[in-house]
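Step one of this worksheet: look at the structure below.
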Amino acid sequence: MTRNLEVLLTDITNHSALNNEFYREWMTRELTIDELAIFARNYGEWVKSFPDALSILLVTTDDIDAKTEYVKTLYSEMGYGNPVKVHSVLLNDFFKELARKMGHEGELNWERLQNTVELLPATRELIEGEQYLYRDRQMSFGAQLALEWQAYTMLRKLYDGARNYLPLWNDPDEFHEACEYFYAHIGATEKEHKEESLKAVKRYATSEESLARMTDGYHRHLQLIHNFWQGLYHAMSAVTEHSIAIA
């Protein structure tokens with residue numbers, strides 16, 4: 001009964017959530033400090049909010065196996081109990097170090113970004129929409145499936161783009177130390193999350209109706225993610241056009 005959903009997963013890397021203008025910009029050139037500020041503020045807010053969404057999943061499901069998997073994911077997101085290893089903290093550390101290497105020390109600090117860069121509408125919609133989907137007992141399984149199956153490619157592409165800034169570091173080892181956020185995701189853990197999310201769908205798609213709700217959650221979540229990246233791309237393009245006009 002879940003065969004159609006599995007077919008969708010085989011082609012997920014071609015979905016616009018993972019194949020879009022933002023990724024092409026991020027992976028092919030260095031962004032300006034103003035463009036990076038938009039990216040760091042909005043992506044950082046999504047990363048920071050994700051543990052809250054996972055907490056909703058814990059309440060939504062009564063299944064002990066699913067709860068266990070969500071707890072493990074949440075524990076990972078929160079740095080396995082170490083505050084300095086919380087994923088949102090690691091991401092902020094990367095942006096802070098990148099700004100320093102670019103000669104703009106302090107400009108990508110999280111506290112400053114919160115006061116100087118507004119959240120984009122698409123970012124708010126993603127965070128709120130994700131939490132809405134996770135409150136639905138059926139759609140939540142499909143929504144989590146979408147998140148986990150795009151996550152590995154997302155983090156790999158973000159890391160590939162981060163490597164554009166490697167020449168700013170005199171010592172390559174220091175660059176890789178600064179990239180701990182990306183390495184925390186690119187490994188066996190994310191691949192395990194993919195398989196577990198698919199197992200959950202297979203276990204709970206007990207009828208055509210339940211599968212339809214899961215599939216709906218899957219598509220809705222991917223659309224929210226697509227809209228998020230498109231929103232970032234258009235916001236950064238506006239900053240670039242403004243800079244050119246002033247020059």
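Bear in mind these aren't lab numbers, they're just calculated from the coordinates by the rules spelled out. Please read all numbers here as calculations on a predicted model, not as lab measurements. Here the Cβ is made from the backbone with ideal geometry for all residues, glycine too, and neighbour counts use every protein chain on show.
Scan the range 136-153 residue by residue and report those that are in contact (Cβ under 8 Å) with a residue 60 or more places away in the chain and crowded, with 19+ Cβ neighbours inside 10 Å. Once the filter is applied, which keeps residues that are in contact (Cβ under 8 Å) with a residue 60 or more places away in the chain and crowded, with 19+ Cβ neighbours inside 10 Å, the range 136-153 yields GLN138, MET139, SER140, PHE141, GLY142, ALA143, GLN144, LEU145, ALA146, LEU147, TRP149, GLN150. Residue-level check: of (1) in a helix (DSSP H, G or I); (2) under 20 Å from PHE50 (Cβ atoms), ASN164 misses just (2). Selection of helices (runs of 4 or more DSSP H) fully inside the range 65-137 by the criterion of at least 1 residues being under 22 Å from GLU30 (Cα atoms) and of a type outside the set (D, E, K, R) returns 87-101, 110-116. Output yes when any residue across the range 46-63 is in contact (Cβ under 8 Å) with a residue 12 or more places away in the chain, under 27 Å from ARG163 (Cβ atoms), among the polar types (S, T, N, Q) and outside any loop (DSSP other than H, G, I, E, B), and no when none is. Among the residues of the range 46-63, at least one is in contact (Cβ under 8 Å) with a residue 12 or more places away in the chain, under 27 Å from ARG163 (Cβ atoms), among the polar types (S, T, N, Q) and outside any loop (DSSP other than H, G, I, E, B), which makes the answer yes.
Which of the following residues is closer than 25 Å to LEU18 by Cβ, loosely packed, with under 14 Cβ neighbours inside 10 Å and touching a helix residue (DSSP H, G or I) at 6+ places or on another chain (Cβ under 9 Å): LEU133, LEU166, LEU158? Walk me through how you get there before you give the answer.
Working: LEU133 fails: loosely packed, with under 14 Cβ neighbours inside 10 Å; LEU158 fails: loosely packed, with under 14 Cβ neighbours inside 10 Å.
That would be LEU166, the only listed residue that is closer than 25 Å to LEU18 by Cβ, loosely packed, with under 14 Cβ neighbours inside 10 Å and touching a helix residue (DSSP H, G or I) at 6+ places or on another chain (Cβ under 9 Å).
Each row is one residue, and each column tells you yes or no for (1) closer than 30 Å to GLY217 by Cα; (2) in contact (Cβ under 8 Å) with a residue 40 or more places away in the chain; (3) in contact with a strand residue (DSSP E or B) (Cβ under 8 Å, 6 or more places away or on another chain).
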site: SER76; (1), (2), (3): yes, yes, no
site: TYR80; (1), (2), (3): yes, no, no
site: GLU105; (1), (2), (3): no, no, no
site: LEU120; (1), (2), (3): yes, yes, no
site: LEU126; (1), (2), (3): yes, yes, no
site: GLU130; (1), (2), (3): yes, yes, no
site: TYR134; (1), (2), (3): yes, yes, no
